[in-house]
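Beneath this line is the structure, given in structure tokens, with notes to follow.
The values are calculated or read from the model by the stated rules, or taken from the named source; none is laboratory data. Just so you know, these numbers come straight off a predicted model, no measurement behind them. Here the Cβ positions follow ideal geometry from the backbone for every residue, glycine too, while neighbour counts run over all protein chains shown.
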Amino acid sequence: MLENEMTVNSFFLASRQAEDSTPMKPEARLVERICAGEQEAFDELYKIYARMIHGIVLARVPYDEVDDIVQEVFLAAYKNISSLRDKNAIGGWLAMIARNRANEYYRYKKPTEELSEDLSHNPNAQHEAREILAIIRSLSETYRETLILRLVEGMTGNEIAERTGLTPESVRVNLHRGMKMLKEKLGIAK
């Protein structure tokens, strides 16, 4: 019986040591620097994740509101970054804040869309882009986000995986299925 307890204890000790020895990502080091008060580190974090946050928000709210919400996301992150438990999960944490802020937009504001005063510089292209964005937004969240990050923000599959915390395989599948659905809704033949 005592031997079994020692085996169980050594198992838990080994698994705890494995958690502690998880390699720290460069972004996690930035989080440590931010928590230590380095403003430049937050600027670097912003540069790394701004496109991802922009894409997540753009997938959910009107275009004219995106920049304000992106700023709100980073302000909330700055204020609460010391509460982040797993510094390696900064990308997923920021993505969660972005999704929550976008959802809050619809809870507290009635969406409006402002018309541009100068619609003469190819209104057809603007109209088509808005239609495609509306179609992408009609897809499930999983496909909507990855498509926006890829098609609008220009992120690669690996960048999307690294920033959001998804596996590269999940991103690849989501992009493939999302593109297939988008093409079907647009009436584009295979």
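The table for this structure:
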item: Total residues in the stretch 72-126, condition of a type outside the set (A, V, I, L, M), surrounded by 10 or more Cβ atoms within 10 Å (Cβ to Cβ) and modelled with pLDDT of 80 or more; result: 17
item: Those residues of the stretch 160-170 which are under 20 Å from E27 (Cα atoms) and without any contact (Cβ under 8 Å) to a residue 40 or more places away in the chain, in sequence order; result: A161, L166, T167, P168
item: Residue tally, condition surrounded by fewer than 23 Cβ atoms within 10 Å (Cβ to Cβ) and at negative phi, over the stretch 145-163; result: 11
item: Subset of the stretch 49-71 (residues that are part of a helix (DSSP H, G or I) and surrounded by fewer than 18 Cβ atoms within 10 Å (Cβ to Cβ)); result: A50, Y63, D64, D67, D68, Q71
